[in-house]
There are 2 protein chains.
Amino acid sequence: MSADPLVPETRVLAIASHVVYGYVGNKMATLVMQLLGCDVAALNTVHFSNHTGYGQFKGTRATAEQITELYEGLCQSHLTDFDVMLSGYAPSAAAVEAVGAIGMDLQRKAEKNPGSFFWVLDPVMGDQGRLYVNDEVVPAYKKIIHHADLILPNQFEAEVLSGTKITSLSTLAAAITAIHATYNIPHVIITSVDISKFTSPSQSTSQSAPKTLTIIGSTTRSDGSPRLFRIDVPALDCYFSGTGDMFAALIVARLREAVFAEDPVLRGTRSWVSPDRVGATDLPLARATVRVLASMHCVLEKTMEERDAELRAVDARGDEGLSEEEKVKRVHLRKSKAAEVRLVRNVGFLREPTVVFEAVEWREEDLPGFSN
Amino acid sequence: MSADPLVPETRVLAIASHVVYGYVGNKMATLVMQLLGCDVAALNTVHFSNHTGYGQFKGTRATAEQITELYEGLCQSHLTDFDVMLSGYAPSAAAVEAVGAIGMDLQRKAEKNPGSFFWVLDPVMGDQGRLYVNDEVVPAYKKIIHHADLILPNQFEAEVLSGTKITSLSTLAAAITAIHATYNIPHVIITSVDISKFTSPSQSTSQSAPKTLTIIGSTTRSDGSPRLFRIDVPALDCYFSGTGDMFAALIVARLREAVFAEDPVLRGTRSWVSPDRVGATDLPLARATVRVLASMHCVLEKTMEERDAELRAVDARGDEGLSEEEKVKRVHLRKSKAAEVRLVRNVGFLREPTVVFEAVEWREEDLPGFSN
């Protein structure tokens, strides 16, 4: 009866953080996948009042043992028939290991049916040049990543994983090549790169041009070489929390949709790796990413409008008695709240975005200064 | 852009249990309210792998202190502008008290704006004649209920709260009258009554008739007397977990919708109590309940179909080596899993149900043997 445009039926185990208020981690990812028609089991790694971007929060973190115990609860009642696992923030190295063990166990359970289980791993470690997890979390991720099917590092996390400082298109390509090779991982998306900050003389981006974010993805060929695609999207002038989680949730739904739109052989192929003849922009990963970014752009643009309206409507008269420091804090809290992504009333944009982006192929040999 | 039929914008604080797999407690309530367009903050009182109806589960309970701390986290960042609070299962008497304190604090914050905050309380204590909480939980609920605006006991909980054994229509009416009076609570819905089990000679329900569930609701008049309405719905031949949570979530959304459809004076009236001239079946509570039950009937009927298909498709060959006891357990686990309410792909039924039920007025003086 429902005319809703849903993705193919998908049972997901989502492991990430929970916040009471707002939309980050599993609170974001679970809802986004549900709104696209996925059945989501949500295993929460922290229980916080709100996201950490507010500058203050209360709550508790799950221990590695608690994470493992919840999974054992699923196992003992035979509730593990997941098509996809999406793993995000884990609050300690031991928790990362516990999540890794869950992914590996689900893989083992599915090993007789190639392609029947797919693990999307978001290696949440830091952003903008700094780690926001303990140092021990990095090696913990490095140990489990080669078991995943798709990883979603941001630019900084890609640097950490590849050991390559990304300062140009060629170092970016080198980082992806290194990630494929080092971790034997078939699919990678670097979820946001600010190419305008690259110093390469070949870049023509002028400082006055509208800011663009670049998303780079790749699926390996059978010889391990990358098939790189690139999508440029207009950057919005606002910092939103939870966009990484939104991207991850959308890619789960859209990648499965894209794979189901292909020859049925693909979904029975380990890690859904397309045959070598498929070009970069025809990859299900590229088709999915294009759709993901369109949905994100529409929802975030709408969020920005609503944020601005909310901030204009603020009655700050109550702030008068506050100290300067308290006023600054109050303004930050208001801005953080106003920038919470608006999902529930923008489902239409999520499902059927009104913008179209395009993936372009990106051949390594075209890159200035790229050497294999 | 979205043509989705959503309820008026509603910010809800939902306090209930979380399960990784399946749909009960906050996992059910949060999604249902979100799918109808509500913005939901979810404060989870337990973190379990699955609902207890499976007969086994793993996980942890939040302490009263942890519940309070999460709410303090919201307060310190000014994230408490809720229109509605929905409180469900709390795992201890102290947790019930903590939830009560949150409800009262939100009421206090809203006291200058009558009608701007509404508390729906589901006094989760037991069912089918037995408590499934500690004995101390009962007095804890009795202490906080008079602060709520609407309570949603099932038949057993209504008996516990009213001190009246419900064995007939007249004892049912007496229980509701007692609940209104004892707890000074303006709105009550008894969410399921099996009238076929009543022994009153005036009942004409024959044993062979299709089984019916009866839902009774009431909003007080200004003199404290009940305005009773009754809705009969066909009972489905399946036990689903989480239907109480589904009812509660739907009534939050639909009651707000019904109140917003009235004269704007009502939504500025404390507890949204309609003027005395409004008859029982014209109450927003009655209009909302009718819609809630229609959505539930459609989604549960669909769930039953899908449950049956899932059970027919079971490959039980793996059970051959099991003992009889293990086989029985395995069958129970399969049935529990198959009966998980199917929400994400039946949103259309949730939003625009295809059946229509009717509320009828139910006057106390018409009841056999009823005495005031």
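The values are calculated or read from the model by the stated rules, or taken from the named source; none is laboratory data. In this text, all values refer to a predicted model and were calculated from it rather than measured experimentally. Every residue, glycine among them, receives a Cβ derived from its backbone with ideal geometry; neighbour counts consider all protein chains shown.
Restricting region B:245-272 to residues that are over 12 Å from the mean Cα position of the chain (by Cα) and among the acidic types (Asp, Glu) leaves a set whose member that is surrounded by the fewest Cβ atoms within 10 Å (Cβ to Cβ) is B:Asp263. Look at (1) of a type outside the set (A, V, I, L, M, F, W, C); (2) under 16 Å from the mean Cα position of the chain (by Cα); (3) over 17 Å from B:Val124 (Cα atoms) and you find that B:Lys27 fails only one, number (3). In the set (1) at pLDDT 80 or above; (2) touching a Pro at 6+ places or on another chain (Cβ under 7 Å), the condition left unmet by B:Ile195 is number (2).
Scanning region B:339-350 turns up no residue that is acidic (Asp, Glu) and more than 14 Å from chain A (Cβ to nearest Cβ). Taken over region A:73-93, the criterion of being surrounded by fewer than 17 Cβ atoms within 10 Å (Cβ to Cβ) and either in contact with a His (Cβ under 8 Å, 6 or more places away or on another chain) or at negative phi (or both) is satisfied by A:Cys75, A:Gln76, A:Asp81. The numbered conditions (1) crowded, with 16+ Cβ neighbours inside 10 Å; (2) modelled with pLDDT of 95 or more are all true for A:Thr214 except (2). Under the condition of being loosely packed, with under 11 Cβ neighbours inside 10 Å and among the β-branched types (Val, Ile, Thr), the residues counted in region A:292-327 number 0.
Residues in region A:328-338 that are crowded, with 19+ Cβ neighbours inside 10 Å and either free of Cβ contacts under 8 Å to residues at least 60 places away in the same chain or more than 9 Å from chain B (Cβ to nearest Cβ) (or both): A:Ala338 only.
Of all residues in region B:27-64, those being closer than 23 Å to A:Leu74 by Cβ and part of a loop (DSSP other than H, G, I, E, B) number 8. Applying the condition of being among the polar types (S, T, N, Q) and either out of contact with any strand residue (DSSP E or B) (no Cβ under 8 Å at 6 or more places or on another chain) or free of Cβ contacts under 8 Å to residues at least 40 places away in the same chain (or both) to region B:128-158 and asking which residue is surrounded by the fewest Cβ atoms within 10 Å (Cβ to Cβ) yields B:Gln128.
Being of a type in the set (Asp, Glu), more than 26 Å from the chain's Cα centre (by Cα) and part of a helix (DSSP H, G or I) is a property that does not hold for A:Glu301. Considering (1) β-branched (Val, Ile, Thr); (2) modelled with pLDDT under 95; (3) surrounded by 13 or more Cβ atoms within 10 Å (Cβ to Cβ), the lone condition that B:Val356 does not fulfil carries the number (3).
So that you can scan it fast, the table gives a plain yes or no per residue for (1) in a helix (DSSP H, G or I); (2) more than 26 Å from A:Arg363 (Cβ to Cβ):
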position	(1), (2)
A:Pro123	no, yes
A:Val133	no, yes
A:Ala140	yes, yes
A:Pro153	no, no
A:Phe156	yes, no
A:Thr164	no, no
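Looking at region A:70-97 only, could you name the residues that are small (Gly, Ala, Ser) and within 12 Å of chain B (Cβ to nearest Cβ)? Listed by number, the residues that qualify are A:Gly73, A:Ser77. Could you run through region B:100-122 and say how many residues are touching a Ser or Thr at 6+ places or on another chain (Cβ under 9 Å) and farther than 15 Å from B:Leu74 by Cβ? Going through region B:100-122 one residue at a time, the tally reaches 8. Screening B:Asp245 with (1) part of a helix (DSSP H, G or I); (2) farther than 26 Å from B:Leu213 by Cα; (3) of a type in the set (Asp, Glu) gives one miss only, at (2).
For every residue, the table says whether it meets (1) under 20 Å from the mean Cα position of the chain (by Cα); (2) crowded, with 24+ Cβ neighbours inside 10 Å; (3) at the interface with chain B (Cβ under 8 Å from one of its Cβ atoms).
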| site | (1), (2), (3) |
| --- | --- |
| A:Pro5 | no, no, no |
| A:Glu9 | no, no, yes |
| A:Ala14 | yes, yes, no |
| A:Gly22 | yes, yes, yes |
| A:Leu31 | yes, yes, yes |
| A:Leu36 | yes, yes, no |
| A:Asn44 | yes, yes, yes |
| A:Gly55 | no, no, no |
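If the condition is being in contact with a Gly (Cβ under 9 Å, 6 or more places away or on another chain) and either in a loop (DSSP other than H, G, I, E, B) or among the basic types (Lys, Arg) (or both), then region B:166-177 contributes only B:Ser168. A:Gln128 meets all of the listed conditions (1) at pLDDT 95 or above; (2) away from chain B (no Cβ under 14 Å) but one, namely (1). Which of (1) without any contact (Cβ under 8 Å) to a residue 40 or more places away in the chain; (2) of a type in the set (Ser, Thr, Tyr); (3) buried (at least 20 other Cβ atoms within 10 Å of the Cβ) does A:Thr182 not meet, given it meets every other one? The single condition A:Thr182 does not satisfy is (3).
Looking at B:Thr303, B:Thr289, just one residue is under 30 Å from B:Ala258 (Cβ atoms) and either at pLDDT below 95 or out of contact with any strand residue (DSSP E or B) (no Cβ under 8 Å at 6 or more places or on another chain) (or both), and that residue is B:Thr303.
Restricting attention to region A:98-109 and to residues that are farther than 22 Å from B:Gln66 by Cβ and crowded, with 19+ Cβ neighbours inside 10 Å, the residue that is nearest to the other protein chains (Cβ to nearest Cβ) turns out to be A:Ile102.
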